Amino acid sequence: MNIAQTVARRLIDNVSRVIIGKQREVRMIVLGLLCQGHILLEDVPGVGKTVLAKSLAASIGANFKRLQFTPDMLPSDVTGVSIFNQQTQQFEFRQGPIFAQIVLADEINRATPKTQAALLEAMEERQLTVDGITYPLERPFLVLATQNPIEYEGTFPLPEAQLDRFIMRVHLGYPAPNEEIMMLEAQQHVHPLESVQQSVRVDELIDAQRAIREIYSNFDIKQYIVALVNATRSHPDVYLGASPRGALALFRAAQAFAAIEGREYIIPDDVKVMADFTLAHRIILGPSARIKDISSRSIVQQVINSTPIPGASVGARQY
């Protein structure tokens, strides 16, 4: 068993004690963490998005900060601000909530584009520049952003540059009735989050993140990934297809998926499973597609079905 698979299993098992019945979604969140990417959680209120972020941070013993985005929020509320110290007669920088290892950006689409843009440098370069001084961010660094796909009043849609920095988008969804009963029983006396123990050390996680990049991919797999991404750009219902960053996100996610499956190489099914999570949110639909109520996820599925895969034609497994 490789270190990435070991770390992933321990994290998934630990978080699943709190987030009941969502092992597939928890698996994807852990996979994104192993890829050193950021996750966009898109779902209605009350399905456990905040609890998931807190339990993940507790499982790796990481610093956790929560940002509640509102329309009147300023960029300095995210990054921090320089305050003049009367005693030293100098400006001192007070770090904002972005200086944490796990950052929950709750309802990110409620902030103005200017405030949303305060996250761009941190998410891409793992550093922050304030008043001309660049501050490195502590590793690991993960932004878990949430948004409500139903309520649009008083919101600002995420710009394409912001969406493109999320390695994947995950929907939690409602639990099944029996799972919801289990949730009620588990929280009758105390919240399971209070008993979550650290299951993975930070240095183990960093080693697992490095191991992901060693997963082998031959030229045919890389060619297949590029073919899928290019197919989104030429689709008649798509106004703007996935970017080269999207191709890299799919490649990294396929590496991580292969690793947690116990393999040292990528197969086409790894790419097919991860395509929806990594490409759908990067696709901007054309006007005709919106009129026909076509979703970006259905576009990705069409692209997968129409793009020849290298080697034998095997249907994608469901996870």
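The values are calculated or read from the model by the stated rules, or taken from the named source; none is laboratory data. Since the structure is predicted, the reported quantities are computational estimates derived from the model, not experimental observations. Here Cβ is always computed from backbone atoms with ideal geometry, including for glycine, and neighbour counts include all displayed protein chains.
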Checklist entry - Can you spot a residue in segment 25-42 that is of a type in the set (D, E, K, R), within 25 Å of A258 (Cβ to Cβ), in contact (Cβ under 8 Å) with a residue 40 or more places away in the chain and crowded, with 18+ Cβ neighbours inside 10 Å? => result yes
Item to check | V196 being surrounded by 14 or more Cβ atoms within 10 Å (Cβ to Cβ) and either over 24 Å from I19 (Cα atoms) or assigned by TED's automatic domain parsing to the domain that holds G37 (or both) | outcome: yes
Checklist outcome for this item: Checking R252, R210 in turn, the sole residue that is farther than 30 Å from G46 by Cβ, under 23 Å from the mean Cα position of the chain (by Cα) and surrounded by fewer than 19 Cβ atoms within 10 Å (Cβ to Cβ) turns out to be R210
Checklist entry - Among the residues of segment 216-231, is any loosely packed, with under 15 Cβ neighbours inside 10 Å and not in a helix (DSSP H, G or I)? => result yes
Checklist entry - What do you reckon, is S59 assigned to a helix (DSSP H, G or I), over 22 Å from F156 (Cα atoms) and in contact (Cβ under 8 Å) with a residue 24 or more places away in the chain? => result yes
Checklist entry - Is it the case that some residue within segment 1-18 is charged (D, E, K, R) and at pLDDT below 90? => result yes
Checklist entry - With respect to the numbered conditions (1) among the hydrophobic types (A, V, I, L, M, F, W, C); (2) crowded, with 20+ Cβ neighbours inside 10 Å; (3) at pLDDT below 90, which one is the sole condition not fulfilled by A105? => result (3)
Item to check | Matching strands (runs of 3 or more DSSP E) fully within segment 66-161 where at least 3 residues are of a type outside the set (F, W, Y), under 19 Å from G37 (Cα atoms) and under 20 Å from the mean Cα position of the chain (by Cα) | outcome: 102-106, 142-147
Checklist entry - Is there a residue being under 19 Å from the mean Cα position of the chain (by Cα) and under 26 Å from E42 (Cβ atoms) anywhere in segment 213-227? => result no
Checklist entry - Only one residue in P244, P310 is under 22 Å from the mean Cα position of the chain (by Cα), more than 23 Å from L172 (Cα to Cα), surrounded by fewer than 17 Cβ atoms within 10 Å (Cβ to Cβ) and not hydroxyl-bearing (S, T, Y). Which one? => result P244
Next on the checklist: Looking only at residues that are of a type outside the set (D, E, K, R) and surrounded by fewer than 14 Cβ atoms within 10 Å (Cβ to Cβ) in segment 146-160, which one is nearest to E25 (Cα to Cα)?
Outcome noted: P149
Checklist entry - So which residues in segment 166-193 are in a loop (DSSP other than H, G, I, E, B) and either at pLDDT 90 or above or surrounded by fewer than 15 Cβ atoms within 10 Å (Cβ to Cβ) (or both)? => result F166, I167, G173, Y174, A176, Q187, Q188, H189, V190, H191
Checklist entry - Can you tell me which residue in segment 108-145 is surrounded by the fewest Cβ atoms within 10 Å (Cβ to Cβ), limited to those that are more than 21 Å from R94 (Cα to Cα) and of a type in the set (S, T, N, Q)? => result T112
Checklist entry - Is it the case that some residue within segment 139-149 is modelled with pLDDT under 85 and over 25 Å from V202 (Cβ atoms)? => result yes
